Structure formats: structure tokens, C-alpha cells
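Q: Take a look at this one; I'll ask things after.
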Amino acid sequence: MSELTLTVMRLGFLAVLWLFVIVAVQVIRSDLFGTRVTQRGAARRGGQEQRGAQRQTAAPPQAQRRQESGRGGNSRQRRGAPTKLVVSEGTLTGTTVALQGQTISLGRAHDSTIVLDDDYASSRHARIYPDRDGQWIVEDLGSTNGTYLERTRLTTPTPIPLGAPIRIGKTVIELRK
Amino acid sequence: MSSTSNTTTIGTIGAPSRRNTELALLVFAVIIPVFAYINVGLAKEDTVPAGVLGYALGLGLLAGVAHLVVRKWAPYADPLMLPVSTLLNGLGLVFIWRLDQEPQITTPQLGGAMAPGQLMWSTLGVALFLGVLIFLKDHRVLQRYTYISMVVALVLLILPVFFPARFGARIWITIPGVGSLQPGEFAKIIIAIFFAGYLMVKRDALALASRRFMGLYLPRGRDLGPILVIWALSLMILVFETDLGTSLLFFGLFVIMLYVATERTSWIVFGLLLSGAGAVAVATFESHVQTRVHNWLNPLELLNGGVTETAQAMYSFGSGGILGSGLGQGYSRLIGGIAPKSDYILATVGEELGLAGVMAILLLYGLLIERGIRTALAARDPFGKLLAVGLSGAFALQVFVVAGGVTGLIPLTGMTMPFLAQGGSSVIANWALVAILLRISDTARRPAPAPAPSTDAEMTQVVRP
């Protein structure tokens, strides 16, 4: 075999080996998943796509979520129903989350929908979710310092009136149209 | 993190299963060793070797079956571990086959050709990999066998003392008619299970009940007990089996897992002090260890009118340079014996693929270890976290001990480069190790089930403790 062919093969092999390493690193990079920040319009479209994708699978937990999304869909059509959740006080003031039938978790845990940077919040503090009729409910998840709706501390899951302040530590959130 | 802009929402992205990425990488990981195989044949004999089709089909079949089983039984497992292991194992087979082509080191006295045997062991390894994935539905089952695995690991570690020493170390057990195996390779997995189960229960006592002294947390005397026992055991392995590698792996693994479980830097300090003191003490009276240290300090010394293995390994790294001499065109056969196929296989890689190739191989090991640690971070249960750290720590220590020994960073020990080097026990044990890591990563990356439906929240009230 000629010297030239062997040299080409030698360098070619090293190139292929390194290509594998680089592709593997790219896979790692695209594999870092976590929370994602999207534009509101895009998010709604994305949500619908997701719902479509879930409809194709028949796994029980996803079927469960699909029902929830369906309920959310109904709630959006109801008149006078809130469409967004707004943080009105605290470090996250101004943050909004579109209400699309999904459960919103609040707390210091990194996988919460709204990550609270607040010394008075527990890691899984409270959650806000729609019930069967599309009414939004807030539930305290056994937090240390409690969740307050208007001035009362929550002990049971409670429906949220439009515009009523929910206080968690220094953060206040409310549902708006 | 959250944004303060008015027009954004925050949502979580579900982890995709990424099985197709794995398949693509696997195809890549099969093609590279086949390329290497053809390259060796062209360089040695000017023809494409006759066995290339069989080799490609064999490796492809192993990888394909492994992929299908992962798709069925661990659909959310990490996409990188299987391709990287396949690539390393395939390259190892090519390197062993390439060294089989050297008549000087493939004499019947030295065991003849070793690639067919290694291929058989790799097949057995993949079979064990499949068995673990299919039958181990949940890694937390292993937690039940904490103390049983301690006993099994101790038996496996002590057993070789009763068998004759080979190549200066008692790390083999010989079963008549079947062959010999190194129980230490399997012991490292079982001991990681024991440490994970034990430390999960004891870590609070080890982490919190301590006095602060000069910036270090000093553990209580009774908490120091276990670490001293493990230290004494690893020293006994060093004395009775004269094997530096197993001893270092065993003790190092314990210190790593202790550190991860308790988050106390003082354990690392204690571990380093204890292992340093132990190694020095044993080295003063154990001649085998002394020889190894002597070879390490004087690598280029002449012995019986010739250079030592250590020197030959250094020469092969040197003659490889940056880009290497090309596959099949090196002279690592000069290391002599079967050492170039087992302990010194990295020297062959260094000579024929050069610094660039060695770095790529070490990076592949690094990626495998990184995925293991990443699995530990993502795992939700403390036992899984500790086990994943322990298994990838054992793997990392082994790679460090061998690569460090061959390149002259630390004294050489009798361990094998995982997947790459010739050795049946090693390849089987490492496939099992990767299977357990894949099982943990499947559990860790599986999307969490939706929260329990609260349809009857109004009717019944959930009382929380």
C-alpha cells in the first residue's frame, strides 16, 4: 500500500475519532434541559402542539394531563375566567404566566413553574390548578410560613376570585383577565 | 430562571427519550472500529483483511441488540453511554487483533491469538448488560442487599489470596477447566452497592456529629470506625495480594462516596493522609511494591542488558508523536510478553494514534464518566445518586490508575483499561457497570408522572401530617 494512502487513512482515522467526540459533546449540549422561556404567542401555539403530541400517546399519566389540558381549554372559553397570572409584588414583579389549564407550582425548587427567590417560601410552597369546571384553585403544599389569600391563611384548596392577592412570603400574585 | 418581561412565560421542557440519537451514534461507533480494522489490514498486508465482514456484522449485531433492548426496557436512558462503550470495546478488539498480527508476541507459550477470546468475552459482557437491563427493573432493589453485598464483596476480594500469584500479584482465581478470572473487577460494582446503601443510612451521623477544628470538621471517634476498617482492609489487600490497583480502587472509592454523601472536605484530607501513610508503610517491607516504585522512579534503567517494559512504553509514546505512526505501523510489540495487549494497550494507542488519538480515547472515558456523574445529579433518590457516583467513581479511578501507570505518572499497577484492554473479567464487569448506570439514568430522566388528580378535593379533605 502506498505511503500516501496510509497517511491519508491515518489522518482520516484521527479525524473520524475526533468527529465522534465532538458529536457526543454536541449531544450533551442539546441534552441540558430545564425550564424554557418563550414568547407568549409562541407559547400558546407550542402548548397546542404539545397537546396534540400527547393525544397520540396512550400512556396513563399523559392521558391524565391531556384531560387537564382539555379542561383548561374549556376554562378559557368561559366568560370572566382569568387568562393570566401576574406577580404584583416581590422580586419577580411583572412576571406573567399564561393560564392554559396547566398546574402552576410555586416554590424555591428549581423545577417550579415560578421559582421564588424568597427566604420565607418553602421549596414546594403552593400550587394553582384548575378544577373540573375550570375554576382556578390555590392549594398550600404544607409550607412553613403559609399561603395567604386576601388576609386569611389557607388550610384547604380554595377557589381564587379574580384579582384577589395571594401572598407567599414577600411575593404577591393575582389572577387577571 | 424567570424573566421579568411582561411577554414571556416559563415552562418546563420534558426530557425527550433520545433513542434515535443513540442509534445514530451507535452506527458511528460501529463504523469507526471497522475503519480501524481495514486500516490495520492495509498497513500490515496490503489487503483488506478477510475477517472484516464478520467483524463488522458481529459488532453491529451486538450494538443493534443492545440498542433494541435499551429502547424496550430503558427508553429514557442516557443516549451516550452505550455508543461510547461500544466504540471503546470495538477499538479494543481491533488493537488486540492488531497485536495478534505480531508473531513475536503471539507464540503459543504466551497464549496465542487473543482477539477471538476477547470477542467471546465481549459478547458475554453484552449478554450480561442485556440481562441486567431486563431483570433489574429498578435499581432501588439493590438497596435491600446492602449487607449481603458487603459479604460477597469481601469474599471476592479475599478469595484470590488462596490462589497462586501470577505476574507478581494475587488477583486471579483459577477454576479448573473454565479458566481464571479477576474477582476484583466484579467486587468494585458490589462494593459500590454496599457503600451506597451504608452511607445513605449513616451519612447524617457522619456529616453532622463533628467538631470543628482549624477549619476542618473532625468526626467523632466512633464515626471514624468504618473508615479505619476499610483502610485496614485495603492495606491487607495490598500486603497479601500485593496489588496496588485493587487496594487504591477500594479505598479511593470509599473516600469519594463518603465525600459525596457528607459534603465534608475533611474526609478527603483524612483519606489522602491515611492512604499515603499506608502506601509508604507497606512499601518499606513489600518487595513487589518496591520493585514497582523503583521502576517508576528509574524508568530508563537497564535491566539484564536490556531496557525495561516501562522504558519501552515510554519509547512507544515518544515515537508516536502528535499524530502517531498509523494503525498497524508501530513497534509496541517490543514491550514484550502479553503486556502490550493488557496493561500497556494504551502505549499501543499512543504510538499508532499519537497524542491526538490518546486524547480522544481519554476524552471518551471522560464523557462516559461525565454521563455517570450527570446521572447522579439527575437521580431523585439518594441511593441512586450515591450508587451512580460510586460506579462512575470506580470507573474513573480505574482509568486514572491504568493511564497514570502506563504514562509514568504513578507506579504501575496490575489493572486493565476498561473495555480497551485484553481481559475477560474486566470487559464483562464493565458492561454490567454501564448497564446499572443506564438503569439509574432511565429512572432519573423518565418524565415525572402528572400530579395526582384532585377531582374530589371539594368532597374530601386530605389531611397532611
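The values are calculated or read from the model by the stated rules, or taken from the named source; none is laboratory data. Predicted, not measured: the structure shown is a model, and the values here were computed from it. Cβ coordinates were reconstructed from backbone atoms using ideal geometry, including for glycine residues, and neighbour counts include every protein chain displayed. Accessible surface areas use protein heavy atoms only, side chains included; no ligands, DNA or RNA. Shrake-Rupley method; radii C 1.70, N 1.55, O 1.52, S 1.80 Å.
Q: Here are the criteria: (1) modelled with pLDDT under 95; (2) within 19 Å of B:Leu87 (Cβ to Cβ). Tell me which single one B:Ser325 does not satisfy.
A: (2)
Q: Across the range B:290-344, which residue is nearest to A:Leu11 (Cα to Cα) among those that are of a type in the set (Gly, Ala, Ser), open to solvent by 40 Å² or more (accessible area, probe 1.4 Å) and not in a loop (DSSP other than H, G, I, E, B)?
A: Only one residue fits best here, namely B:Ser319.
Q: For the range B:61-107, which positions are of a type in the set (Phe, Trp, Tyr) and within 13 Å of another protein chain (Cβ to nearest Cβ)?
A: Once the filter is applied, which keeps residues that are of a type in the set (Phe, Trp, Tyr) and within 13 Å of another protein chain (Cβ to nearest Cβ), the range B:61-107 yields B:Tyr76, B:Phe95.
Q: OK, next. Right, B:Arg140: surrounded by fewer than 18 Cβ atoms within 10 Å (Cβ to Cβ) and of a type outside the set (A, V, I, L, M) or not?
A: Yes; evaluated as a whole, the condition is true for this residue.
Q: Let me ask something else. Quick one: B:Glu352 ticks every box in (1) of a type in the set (Asp, Glu); (2) open to solvent by less than 30 Å² (accessible area, probe 1.4 Å); (3) within 18 Å of B:Val427 (Cα to Cα) bar one, so which box is it?
A: Evaluating B:Glu352 over (1) of a type in the set (Asp, Glu); (2) open to solvent by less than 30 Å² (accessible area, probe 1.4 Å); (3) within 18 Å of B:Val427 (Cα to Cα) leaves (3) as the failure.
Q: Please determine whether any residue of the range A:145-155 is among the acidic types (Asp, Glu) and in a strand (DSSP E or B).
A: No, because not a single residue in the range A:145-155 is among the acidic types (Asp, Glu) and in a strand (DSSP E or B).
Q: Could you go through the range B:163-183 and let me know if any residue there is open to solvent by 60 Å² or more (accessible area, probe 1.4 Å) and within 22 Å of B:Val40 (Cα to Cα).
A: no
Q: Suppose the filter is at pLDDT 90 or above and outside any loop (DSSP other than H, G, I, E, B); does B:Gly366 pass it?
A: Here the answer is yes, as B:Gly366 does meet what is asked.
Q: When only residues in the range B:43-59 that are more than 14 Å from B:Gly90 (Cα to Cα) and touching a residue at least 60 places away in the same chain (Cβ under 8 Å) count, which is farthest from the other protein chains (Cβ to nearest Cβ)?
A: B:Lys44
Q: Then there is this: Here's a check for you: in the range A:138-156, which residue that is within 14 Å of chain B (Cβ to nearest Cβ) and out of contact with any Lys or Arg (no Cβ under 9 Å at 6 or more places or on another chain) is nearest to A:Val86 (Cα to Cα)?
A: Per the stated criteria, the residue is A:Leu154.
Q: Moving to a separate point now. State the number of residues belonging to the range B:320-334 that are more than 14 Å from B:Thr407 (Cβ to Cβ) and within 14 Å of chain A (Cβ to nearest Cβ).
A: Here the count works out to 10.
Q: Look through A:Asp118, A:Asp140, A:Asp111 and report the one residue that is at pLDDT below 85 and either polar (S, T, N, Q) or over 14 Å from the mean Cα position of the chain (by Cα) (or both).
A: After ruling out the rest, the residue left standing is A:Asp118.
Q: Every residue in the range A:165-177 that is within 17 Å of A:Ile114 (Cβ to Cβ) and either more than 22 Å from the chain's Cα centre (by Cα) or of a type outside the set (A, V, I, L, M, F, W, C) (or both), please.
A: A:Pro165, A:Arg167, A:Gly169, A:Lys170, A:Thr171, A:Glu174, A:Arg176
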